[in-house]
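This report refers to the structure that appears directly beneath it.
FYI, it's all coordinate maths here, none of it is from the lab. Remember, predicted model here, so these are calculated numbers, not experimental data. Don't worry about glycine lacking a Cβ; one is built from the backbone with ideal geometry, like all the others, and counts go over all protein chains shown.
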Amino acid sequence: MKRSTRSLAVAFSLAVLTGCGAQGGAGTACTAIAGRTGIGLTIAAQVASELSGATVRLCQDDCVDIELPVCRDAGDCTSNGLRPGSETVDTGCSGDDPSDVCGASAVPTGELTGFVDYTELATGPAEVTVTLTDRRDTQILSETITAAAEATYPNGPDCGARGVSAAVSVTDQGVLVAS
C-alpha cells in the first residue's frame, strides 16, 4: 500500500509541476504583454488631408468625449492623437538562401490613425460618435454608429484576455463604419 501511495504522490506532483509557468494551461507559454483598452480610429486619406482634429464620443453606461488632435509630425502628440498611417512594403531579398537578407519599408498611405485609450470600456456594444473638423474649424462629419467592443488576446486565446477594444473608420466617402 505504501508503494501505491508514493506513486500517487509522485504522479500528483508531476501533474502540478507540468502546469507551472503556463498561465493558459496545456503548456502554453504566456508573456506579460498587455492589450490596450479603447477604440481605434482610422481616417481615409481623402478625408484626412483637410483634417485638423477629431472628437470621439464613446458611450456604454456613461459617455465620455475625447479630443484627438492631428499629429502630422512625430512628436506633435504625446498620447491620444491622429498620426500619419503607413503600410509595409516588401523591398526584396538579396537571394533565395534562408540566410540571405530581406527588407521591408514603411510607406505613408495618407491615412490618419489613432487610438482612444478608455480603460472603462467593457465588452459588448458601444455607441461611438466621431466628429471631424477641417483646417477652417468647420465640422465636416458627425456620425454615430454602434461598434462591438471585444476582448483582445495578444498571446492568443489560451492565455486569457488582456484588454478590450473596438475599431471604427471613416471611409473616403466620409462615412463612419465599424471596422
Notebook entry, point to check: When only C-alpha pairs under 8 Å and at least 6 residues apart count, what is the relative contact order of the range 105-148, in percent?
Noted result: 33 percent
Notebook entry, point to check: So, in Å, what gap is there between the alpha-carbon centers of the range 27-62 and the range 117-179?
Noted result: 6 Å
Next item on the list: Determine, for each peptide in 132-140, 115-123, the mean count of other beta carbons within 10 angstrom over its residues, then list the peptides with the highest first.
Entry: 115-123, 132-140
Check: What is the range 100-169 by shape, rounded, prolate or oblate, if you read a ≥ b ≥ c off the alpha carbon gyration tensor as root eigenvalues and call it rounded for a/c under 1.5, prolate for a/b larger than b/c, and oblate otherwise?
Finding: oblate
Checklist line | Peptide ranges 43-56, 150-163, 96-109 listed from the most packed, as the mean C-beta count within 10 angstrom indicates | finding: 43-56, 150-163, 96-109
